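The values are calculated or read from the model by the stated rules, or taken from the named source; none is laboratory data. Bear in mind the structure is a predicted one, so any value in this text is a computation, not a measurement. Glycine also receives a Cβ, built like all others from the backbone with ideal geometry; neighbour counts cover every protein chain displayed. When the accessible area is computed, the model is the full protein with side chains, heavy atoms only, and any ligands, DNA or RNA have been set aside. Shrake-Rupley method; radii C 1.70, N 1.55, O 1.52, S 1.80 Å.
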Amino acid sequence: MTANSQRLIPAIMVVLGLPLAIVLGIALIADGSGALGATSPSPADDCQPGSITPGTSAGGTPALTTEEIANAEIIYNAGTELDLPAYGETIAIATAMQESGLRNLPYGGDGSLGLFQQRPSQGWGTPTQIMNPVYAATAFYTRLTQIPGWTTLPLTVAAQDVQHSANPGAYAQWQPLAAALVTAFSGTATTCTNDTGVPASGTTHLPPGFSLPPGTPLAVQVAISYAVAQLGKPYIWGGTGPAGYDCSGLVMMAYRAAGLSIPRTTYQQVLIGTPVYNLSQLQPGDLLFTAGSDGTPANPGHVGMYIGSSLVIQAPETGEDIMITPLGGYWQQSTVAIRRIVYE
């Protein structure tokens, strides 16, 4: 056992208040109603004031889709990772809005690609790198921050100095939208997406005798035990606990309990860790992604965590509780990506 693994053991007791063997070895029977003394709020109630939800407009601009909001949040998060001021994220989001409509486009004029329509021929990176939204946003910020006095320049000038566009004045029209998005992300850190349409047929308890295979990394044990402890709690749109969770909020908080920080949304989570290419290669702790009803195969909108024994734990949709569902059926037919967060 590594020193890091040893340091994680007390965290299990703090998070769950129970020995790990009890959590993983004995079925956890939830209250039949799934109630925890609180009513599951509606999606509109759960999203905090100032947040921007799919299908709504911001600052008089056209309504955004879930994919567009998620891509904007990726750009925002990349800027905060670099400790940039909010103006930097505003410039970047406005630029991506003009260049791609906040869509990760695999095509463009003169070989341009991705959110910012960056060209491999101009030193932005390989096509694969540019199509990674986190990489593309970071590359944009790298060039932006090399401009002398960029924080005092008008948005159109700063964006143009990076992009060298044939239509530099066009960036200004997106500044209100970009500023509204930055304000929302800084206050809520969630896209408030809803995974409606995900079939939910499962149980809120582990099967008798369930156990993880020998050699399961301790961080995975902690993440799974945290997720299992949430069984029977309600799906809450945008929720990150403790009263309830949405799909990506559940897996994010499970890995946070294990001392690992992963992004908030499915659109970001599908880009981290290492890929797994076949369901036959699944290991406990792997994340399974499906398009859901508000995503696409390229930008999946739903996620569950494989816990072993052909079982997946998930927060399905509004009106349903966190549950364990079989790998066969929905997951087997609909999984579009698998990512391994922990490996030893």
Using only the heavy atoms of the protein chains and a 1.4 Å probe, how would Ser248, Ser211 rank by accessible area, largest first?
Ser211, Ser248
Amide H partners (placed H, <5 Å) of Gly308, local residues excluded:
Gly285
Could you sort Glu320, Glu89, Glu68 by accessible area so the largest value comes first, with the probe set to 1.4 Å?
Glu320, Glu68, Glu89
Given contacts defined as C-alpha pairs under 8 Å and at least six residues apart, what's the relative contact order of the range 58-129, whole-number percent?
21
For the range 111-165 versus the range 297-327, the gap between their alpha-carbon centres in whole angstrom:
36
Using each residue's phi in the range 72-77, evaluate 6.51 cos²θ - 1.76 cosθ + 1.60 at θ = phi - 60° and report the 3J(HN,Hα) Karplus result to the nearest Hz, with x for Gly and Pro.
4, 5, 4, 4, 4, 5
Count neighbours as other Cβ atoms within 10 Å of each site's Cβ, and list the chymotrypsin sites (Phe, Trp or Tyr not before Pro) in the range 209-241 that are DSSP loop with at most 14 such neighbours.
none
Classify the range 253-344: rounded, prolate or oblate, from the alpha-carbon gyration tensor (a ≥ b ≥ c, eigenvalue square roots; a/c under 1.5 rounded; otherwise prolate if a/b is larger than b/c)?
rounded
